[in-house]
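Working notes, beginning with the structure itself.
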Amino acid sequence: MRAREADADGFAEHDGVRIHYEVYGDGEVTLLLMPAWTVIDKRFWKAQVPYLSRHHRVVVYDGPGNGRSDRPLGPAAYGQDPQVAYALKVLDATGTARAVPVALSMAANWALALAADHPDRVLGTVLIGPTVSIASPPDSPRAAFNRVDGPAPAIAPSRVPVLGEDPAEGWLKYNREYWKQDYDDFLWFFFGQCFPEPHSTKQIEDAVGWGRQTAPEVLIAKSHAPWPDNRTLTGWCERIKSPLLLIHGDDDRISPVHRSRVLAELTGAELVTVAGAGHIPLARDPVQVNLLLHRFASRLRAPASQRRTWSRFGHRRKRVLYLSSPIGLGHARRDVAIAEQLRLRHPDVRIDWLAQHPVTRVLEQAGERVHPASRWLANESAHIESEAGEHDLHCFEALRRMDEVLVANFMVFHDVVRETDYDLVVGDEAWDVDHFLHENPELKRFAYAWFTDFVGFLPMPDGRPREALVAADYNAEMIEHIARYPRIRDRAVFVGDPDDVVDGRFGPDLPMIREWTREHYDFAGYVTGFDPGTVADRAALRAELGYRPDERVCVVTVGGSGVGHHLLRRVADAHREAARLVPGLRMLVVTGPRIDPSAVPAADGLDVRAYVPDLHRHLAASDLAVVQGGLTTCMELTAARRPFIYVPLRHHFEQNFHVAHRLRRHGAGRRLDYDDLTPETLAHAIAAEIGREVDYRPVHGDGAARAAGMLAELL
């Protein structure tokens, strides 16, 4: 799922080649995000578009040979002059009088020509890792391998997409014949060199995917196109009068930083060197690149009058910004309970919530204040739903593919905390905030508390070896973050007890998960989100909710993420047989706020509701529950000591490992696998479990108070 859809799109044409463009936002300054080498498409700007388009107007387009643009096979379509013409045609087609071209790698040649030869169309220019005709230093890994002609090298394909290979041998693959021989292997090598930064598996995979959208024949055609020489480059630099910003990683193995240093000397441009970065910092360090682009573009627009109030220390009310994960409703329930307890300790505190649907529904019901900037958040629940199959959610991969959404949402968060002084930020599994604060520690200017109910990404047993490698890589990055910047998390709180942490290893040569978590977390105990004492009198509760004493009540719920409609249909299909086996059966099916109730056909004894605000009370009053396997609902049932059947989502590592471990520890629930879930097996399981006496390990009810006490210390 994209973090933001285009406001408009279309095609521009030059010499019969159609070029696809998209337009976002309506700001005073337009940024023209240009294509690079035809091996990637315009989606490589995905981490920039949502943020920049909230502040400026953004035009982005595919160059010839990739994305939605045409794929001509003649070299003439890829030359310098046609590339400049494509940019001008896109400006004309989008009604853009003047813009700020932003160019990566070889697109620097087209952007410089625009600035030098068409100054009336350019406000300023940004070049990132420019690949221009300035000789590489002799110690550059690629210095001896700049030719793409000749026979294919006699080397074996590496097939090592993460660890790479010896660059000296690998650069032999930058060869037209090798592209035809093993294009995929070339892509893995080349993008491994583009991203030398550790833990770049996702960025490399993205780029390889974009490279697969085109063909070796297109790259070969581009390689035969004319290339501007040094004299042309020098002429451009002499004629450019508009502002110029250069951004370059000092570990760029495609175009060494030496080139930007020379350009800065020739033009007087501002040069920002990103220490430790490779060729594409806009993907690997998107927050810093976004801020640099925004700052540069903001300097080019007319100044606007601004008003701001600054308060002296004794005049400041205590303020908390609370972020609650929208993937399911359990986080919202427990976070509201923690917030209520925090107000008991600090009655003067003001809590703002940066949240999205369906969390906002719970917050509004509780009378909480949702920050108006929440409207800018890209919806994480919608992304999760887009990743799901039939009761199947590869949760780890879905989180990885949510990177565009996470960058966009962190930038919203950044704007909020920049404009308002908060004493404390609380992130309940706010993956974007936690990751990017560790990546950009200078942006932290508040106390910060991190909450989670699981630690460690775990590969599924049927995953390929790469899944285990990538999961360990993500865990290793997190461990390195904490070790390098322990000051980022002023409090890390595990929602549970130490023994609720799985007893496994983060990966080969990495620490044991439980031991590491004990060292780096405080433990609040489980936060139920309600007082179990209020539902202890089941007879009174059932009467209040309208359940008759002779009814056998089965509540079916799949949480708030919108992923569980297939399970609801399976349960509905089993209702007739279950009602035959269980006289007096009444089944309440709760679809949640993101599933259309009409997806589940109602019947006699089968009541379908879209949303039940106090669902925990119905669960406590029930004789049985059938649930998906999310932690919150399962632990609410455990705390209320009710029998339940849970059916974890296939490939959902948290439900299959972390939640299942905790439920085994409490002796709670009966697990069924979706693949075995026929109407008959489910009906017999309902008949066996309904009304059964249980003997669960107790769930203590003071978790919210303990968690709030930890937060109160930070205020």
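Annotations for the structure displayed:
- What the Cβ-Cβ distance of Arg312 and Ala154 gives, at R0 = 60 Å and to the nearest 0.05, is a FRET efficiency of 0.25.
- Measuring against 29 Å, Cα to Cα, the residue pairs Lys46/Lys89; Lys202/Lys222; Lys89/Lys180 contain Lys89/Lys180 as the ones spanning a longer distance.
- Cα centroids of region 291-317 and region 590-621: 47 Å apart.
- Unit charges on C-beta of K, R, D, E only; dipole of region 214-348, Debye: 1100 debye
- Carbon and sulfur %, accessible surface of region 428-480 computed with the full protein complex present, 1.4 Å: 59 percent
- Extending 7 Å from the Cα toward the beta-carbon at both Glu693 and Ala302 defines two label points whose distance is 8.1 nm.
- The largest-to-smallest principal axis extents of the Cα set in region 276-348 are 48, 36, 24 Å.
- Across region 525-658, Cα-Cα pairs farther apart than 27 Å form 15% of the total.
- Trypsin sites (Lys or Arg not before Pro) restricted to DSSP loop in region 623-715 with at most 12 other C-beta within 10 Å: Arg692
- Calculated mean residue ellipticity at 222 nm for the chain: -11000 deg cm²/dmol, from DSSP H runs with n ≥ 4 weighted as -39500 (n - 2.57), summed, divided by the residue count and rounded to 500.
- Taking the inverse of the mean reciprocal distance over all distinct Cα pairs, the Kirkwood hydrodynamic radius of region 338-461 comes to 16.1 Å.
- Length gained when the stretch Ala599-Thr234 is fully extended (0.36 nm per residue, less Cα-Cα span): 124.9 nm
- Applied to region 78-90, the Karplus parametrisation 6.51 cos²θ - 1.76 cosθ + 1.60 on θ = phi - 60° returns per-residue 3J(HN,Hα) values of 10, x, 4, 5, x, 5, 5, 5, 4, 4, 5, 5, 5 Hz, with x for Gly and Pro.
- Computed in the context of the full set of protein chains, the accessible area of region 89-136 at 1.4 Å probe radius has 52% of its extent on carbon or sulfur.
- Leu245 long-range amide H proximity, modeled H, under 5 Å: Thr125, Val126, Leu127
- Considering only beta bridges that DSSP places wholly inside the chain, some 20 percent are antiparallel.
- Taking all protein chains into account, the per residue accessible area for the chain stands at 39 Å² (1.4 Å probe).
- For region 436-498, the square roots of the Cα gyration tensor eigenvalues, ordered a ≥ b ≥ c, give a/c of at least 1.5 with a/b no greater than b/c, which places it in the oblate category.
- Think of region 51-95 as a dipole: +1 on every Lys or Arg Cβ, -1 on every Asp or Glu Cβ, centred on the Cα centre; then among Ala85, Val59, Leu73, Val59 lies furthest on the positive end.
- Each principal axis of the Cα cloud of region 190-297 was taken in turn, and the coordinate range along them, longest first, works out to 39, 35, 24 Å.
- Residues whose amide H comes within less than 5 Å of that of Thr528, counting only those at least five positions distant or on another chain, are Gly703, Ala704 (H built at 1.01 Å from N in the peptide plane).
- The residue among Ala107, Pro130, Ala297 whose Cα reaches farthest toward the positive pole of the charge dipole of the chain, with charges on the beta-carbon of Lys, Arg, Asp and Glu, is Ala297.
- Gained length - Ala373 relative to Asp139, 0.36 nm times residue gap less alpha-carbon distance: 79.4 nm
The values are calculated or read from the model by the stated rules, or taken from the named source; none is laboratory data. Remember, it's a predicted structure, so these values are computed and weren't measured experimentally. As a convention, Cβ positions derive from the backbone with ideal geometry for all residues, glycine included, and neighbour counts pool all protein chains shown. SASA here: full protein model, heavy atoms, side chains in, ligands and nucleic acids out. Shrake-Rupley method; radii C 1.70, N 1.55, O 1.52, S 1.80 Å.
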